[in-house]
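Below is one structure; the comments refer to it alone.
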Amino acid sequence: MRILFITDPLETFKTYKDSTYAMMTKAASRGHELFFCLQSQLSLADNVVEATVRPLELRDDAYDWFNLGEPGRQPLAAFDAVLMRKDPPFDMEYVTSTWMLELAEDQGARIFNKPRAIRDHSEKLAIGRYPQFVTPTLVTRDADRIRAFHAEHQDIIVKPLDGMGGMGIFRVGPDAMNLGSIVETLGDNGARTLMVQRFIPAIKEGDKRILLIGGKPVPYSLARIPQGSEVRGNLAAGGLGRAQELSARDREIAETLAPGLWAQGLLLVGLDVIGDYLTEVNVTSPTCFQEITQQTGFDVAGMFIDALEAAVAEADRG
């Protein structure tokens with residue numbers, strides 16, 4: 001296959017833990033041709049969605065790990081698969097890219113994850129589709145309603161809807177210390193919608209990342225455990241990653257969500273689960289491949305490329 005990766009600049013990759021790098025390595029080991037471009041290199045010209053792409057060869061060197069060929073413009077439909085692996089923020093440029101990628105699909109391109117599904121799927125609000133798995137939650141701009149929610153539950157988490165990597169997450173305990181200031185700052189004095197949730201004490205055991213690939217759960221999660229006095233388990237916020245087998249509740253959540261998400265064209269999904277509760281459904285650029293593989297031996301990247309190959313073969317037959 002000819003696979004185009006749309007990513008952040010390659011020189012920013014931390015190869016020892018980057019999931020996109022793991023995908024690339026596995027794909028290359030199977031003889032697939034790799035190509036690279038940035039989100040900014042997508043274009044629409046003469047009614048064709050194309051990109052300025054460069055052939056990508058991998059080197060066995062953690063620091064000098066890639067070699068790029070000469071750039072050239074190619075229609076996205078010329079590739080067997082296009083993987084959208086640009087990290088958030090999910091801003092208007094990202095939305096514009098999903099529109100262009102959707103046009104490319106109309107021209108025969110195979111995009112993973114499906115651009116409409118990425119665009120239409122709020123990673124935080126998506127949990128509203130699965131109320132049986134969710135801790136008490138309020139989404140609002142109304143500061144008075146947030147205060148009332150705190151008065152009822154006493155210990156809460158306040159976070160923006162567009163944060164990533166644990167950015168902008170605050171815990172407010174029974175004393176309500178700084179609640180007003182936090183709501184005013186995060187909510188831009190009522191201009192931005194916030195999510196407020198009852199605090200889940202099981203965070204001390206980790207914020208579990210459960211991967212769904214091709215409609216099936218990876219049998220291990222990565223529990224991202226907060227360190228010291230930190231309430232956030234995100235690896236970007238200093239959390240410690242510990243791979244572990246899925247619990248019965250983890251598997252129940254994963255197996256309930258997986259078929260519907262796969263039916264939407266979401267080849268790769270990252271569920272975030274704290275204790276028994278689903279907290280996010282990540283679809284933009286889920287990670288944790290390497291940490292799970294390194295600690296358990298389970299070949300997550302291999303499972304992903306298997307699913308990609310099967311999806312492309314199914315598209316060929318269709």
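The values are calculated or read from the model by the stated rules, or taken from the named source; none is laboratory data. The model shown is predicted, which means the values in this text are computed figures rather than measured ones. Counting neighbours? That spans all protein chains shown, and the Cβs are built from the backbone with ideal geometry, glycine included.
Some notes on this structure:
- Identity of the residue in segment 167-216, more than 24 Å from residue 284 (Cβ to Cβ) and of a type in the set (D, E, K, R), that ends up farthest from the chain's Cα centre (by Cα): 175
- Verdict on residue 266 being surrounded by 17 or more Cβ atoms within 10 Å (Cβ to Cβ) and at pLDDT 95 or above: yes
- Condition check for residue 173: within 16 Å of residue 234 (Cα to Cα) and among the small types (Gly, Ala, Ser): no
- Candidate set from segment 252-307 (those that are of a type in the set (Gly, Ala, Ser) and not in a helix (DSSP H, G or I)); member that is nearest to residue 207 (Cα to Cα): 275
- Looking across segment 49-78, the residues that are more than 30 Å from residue 164 (Cα to Cα) and part of a loop (DSSP other than H, G, I, E, B) come down to 59, 60, 69, 70, 71.
- Pairs are defined by a Cβ separation below 7 Å, a sequence spacing of at least 6 or placement on different chains, a first member in segment 212-224 that is touching a residue at least 60 places away in the same chain (Cβ under 8 Å) and assigned by TED's automatic domain parsing to the domain that holds residue 298, and a second member that is outside any strand (DSSP E or B) and of a type in the set (Val, Ile, Thr); the pairs so defined are 218/292; 218/300; 220/292; 220/296; 222/292.
- If the condition is being polar (S, T, N, Q) and surrounded by 21 or more Cβ atoms within 10 Å (Cβ to Cβ), then segment 18-45 contributes 19, 20.
- Answer residue from segment 218-249, given it is in contact with a Ser or Thr (Cβ under 9 Å, 6 or more places away or on another chain) and not in a strand (DSSP E or B) and is surrounded by the fewest Cβ atoms within 10 Å (Cβ to Cβ) among those: 247
- Residue that is surrounded by the most Cβ atoms within 10 Å (Cβ to Cβ) [pool: residues in segment 46-60 that are touching a Ser or Thr at 6+ places or on another chain (Cβ under 8 Å) and not hydroxyl-bearing (Ser, Thr, Tyr)]: 51
- Screening 38, 44, 10 for residues that are under 21 Å from residue 89 (Cβ atoms) and out of contact with any Phe, Trp or Tyr (no Cβ under 7 Å at 6 or more places or on another chain) leaves exactly one candidate, 38.
- You will find that of 133, 149, the residue that is at pLDDT 95 or above, within 28 Å of the chain's Cα centre (by Cα) and buried (at least 16 other Cβ atoms within 10 Å of the Cβ) is 133 and no other.
- Residue 71 vs. criteria of a type outside the set (Asp, Glu), at pLDDT below 95 and more than 21 Å from residue 293 (Cβ to Cβ): no
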